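Nothing in this text is a laboratory measurement; each read-out follows from the coordinates by a stated rule. Predicted, not measured: the structure shown is a model, and the values here were computed from it. Positions of Cβ are backbone-derived with ideal geometry, glycine not excepted, and every protein chain shown enters the neighbour counts.
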């Protein structure tokens, strides 16, 4: 008895029943394996081989002023470009020719304008923040004993309530003074010399950072004044090393890196400042103590996407818990509301589509790079992964274009296979109704997308129309 061939299996394997050939995909698989292997080797060389890690750390410390200069130049560059565009427009409006000397003069004025704005913002923040933060620390040092006593009495009151955990809390409170004294003796009093050395080393490091930041300002001025020359040197090196097609791809990736890192850090810093101001206003309205200190911690930790405000809320809530436990609860609720506002309204408006990642990939990049590189991974992981994602996306789109297949993700949501002979996508009829597709396009737009999915069917239909 003859058996009927499964049409779907026939479409996938071809009319001749041929099996899927993996050989055309071997170069792409080999490329992915090599990239993953190189990344793993670099990771173990940096984090497992101490010599290389120390060498990289020594180079980073030596170039700390240059790193600060590049970062400051990134922040000042938008203000410089804004001023320079206005000066060029003013010169053209009055019929003045943009000679080399005039452009040089405009660049000096623009860099000076950007540097003044940057220094004024830093000075205003320091003048507004430092006195209140110092006052908060003085208040904490003066009232910490009373706050601990009040918190202990409050906890003792809870322990006297007839509850299953009342005896356990009472036992913990009885052991708390002994535990604190033992911790102080083991970690503070017994290590007095090392503690003094750590404080001295910390002061020296702070002075070194301040000096490098001042030098970084000078480096930033040089970078901004000769920005076009540096960009020209980079382009010359790229096209000297790569072939024209590869050089164009490399330049496109470098432009993407510039847009992602520049837009992300400038937008993230602006977003953190706004969140810090909102936190300060909200905490002040609720009449909570240490308003500026709490706002500073929340604003700084907000530089870490998604988890930042919650990381900063932990020490703030513990600080408020000693003063007033109810205010600590209100503060946590306020931070949750603030994070919802920032993640769904404020940050999308500030950053826009600079990153080009969905919330899942942002969370994935934070967990991945944060686990590998610590705090630096939390801060730099999102733009780094955005660039990697962009490169992989370009490779996949190039491979699909070479095979004359659609590059939109929506075109593949309801695909169950591919016809080997005409290389058209086979749609799953169970998930497609008429011309309604995954992207929600209906009518002509949906039919246009369906035409891109079935190029061979469209050609056959056109031939039939011509014959009729």
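Quick notes on this one:
- Fewest-first sequence of 300, 66, 382, 33 by Cβ atoms within 10 Å of each Cβ: 33, 300, 66, 382
- Taking other Cβ atoms within 10 Å as a rough exposure proxy, 228, 97 sort from fewest to most as 97, 228.
- Residues 274, 333, sorted so that the one with the fewest Cβ neighbours within 10 Å comes first: 333, 274
- Inter-part distance where the stretch 273-292 and the stretch 354-406 are each reduced to a Cα centre, Å: 35 Å
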